Structures are given as C-alpha cells and as structure tokens.
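A short write-up of the structure that comes next.
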Amino acid sequence: MPVDVPLTSSQLVVRACLCLVAAIAMFGGTVQLILGQPDTSPRLDNVHRFMAGVYLSTGFICLWAGITVREQGFLVYLLALAILLAGLGRVLSIAMVGLPEPKAVWIGYMTPELVLPFVIAGAHYLGTHKG
C-alpha cells in the first residue's frame with residue numbers, strides 16, 4: 001500500500017497500542033537491566049537481567065512493528081500473544097506467591113498486559129480482513 005494513503009482507524013489503534021507497549025518495554029527493560037534484582041542470589045540477578053534484555057528487545061520489535069504497521073501480518077498476533085503471556089505470568093505469580101506491594105502498582109502493570117493483546121489482535125484482524 002502506498003505510504004501517502006492514510007492509515008485506517010484499525011491500523012492507527014494497532015500502531016498506538018504497539019508504540020505504548022514499546023515505550024513501556026523499552027523503559028522497563030532499561031531500568032531492570034541497570035537495577036538488576038537487588039537483595040537476591042547471583043543466579044536470580046543473572047536471570048532477571050537476561051529477561052530484562054528480552055523485555056527491552058521486545059520493545060524495539062513492537063516499535064518497529066508499530067511504525068511499519070501497514071506491512072505487518074502475523075507478527076502483530078505474535079506480539080499480542082507475547083504481551084498476553086507476560087500478563088498471564090503475573091497472574092500465575094500472584095496466585096502462587098501473592099500480590100507485591102504496592103498492590104495498585106502491580107495491578108496497574110498487569111491490566112494492560114491482559115487487555116491490550118485483545119485490542120491489538122482485534123484491531124489488526126479488522127484492519128486486514130475488510131469486507
């Protein structure tokens with residue numbers, strides 16, 4: 001599709017959601033790479049910083065996918081799945097070891113991870129399956 005054609009409303013929703021996730025992941029990944037996992041074992045700090053790198057790189061992928069949303073197909077669904085699985089990981093953690101303090105902050109982290117994947121996938125589906 002030519003670049004001079006405006007994005008559809010569905011593409012704009014996907015772009016906005018992916019750019020929001022990108023900003024969160026790039027900021028969060030950078031902070032966690034720098035801070036590590038304080039007051040823990042070297043093993044847990046190592047795993048924590050590794051996962052922070054994965055988180056940061058996922059942010060770059062989301063940013064690229066959001067910018068190039070016109071050209072994206074199945075990648076958008078895979079990113080939505082990754083976001084959902086991250087949110088479900090939080091749900092599992094809360095079920096097994098409890099909700100960290102301050103509770104509102106952690107619920108605030110988890111809520112978009114459980115909602116945005118459906119918005120992203122639904123808007124992408126609508127944008128690619130017109131008519």
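The values are calculated or read from the model by the stated rules, or taken from the named source; none is laboratory data. Computed from a predicted structure; not experimentally measured. Cβ: placed from backbone, ideal geometry, glycine included. Neighbour counts: every protein chain shown.
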### Task
Would you point out which residue out of 63, 75, 84 is in contact with an Asp or Glu (Cβ under 9 Å, 6 or more places away or on another chain), modelled with pLDDT of 95 or more, surrounded by 12 or more Cβ atoms within 10 Å (Cβ to Cβ) and of a type outside the set (D, E, K, R)?
84
### Task
Look through 40, 30 and report the one residue that is more than 30 Å from residue 130 (Cβ to Cβ) and modelled with pLDDT under 95.
40
### Query
Going by the conditions given, is residue 92 more than 30 Å from residue 127 (Cα to Cα) and assigned to a helix (DSSP H, G or I)?
yes
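Just to be sure, is residue 18 assigned to a helix (DSSP H, G or I) and free of Cβ contacts under 8 Å to residues at least 12 places away in the same chain? Let's see the steps before the verdict.
Values: assigned to a helix (DSSP H, G or I): yes; free of Cβ contacts under 8 Å to residues at least 12 places away in the same chain: no.
Considered against the rule, which asks whether it is assigned to a helix (DSSP H, G or I) and free of Cβ contacts under 8 Å to residues at least 12 places away in the same chain, residue 18 comes out as no.
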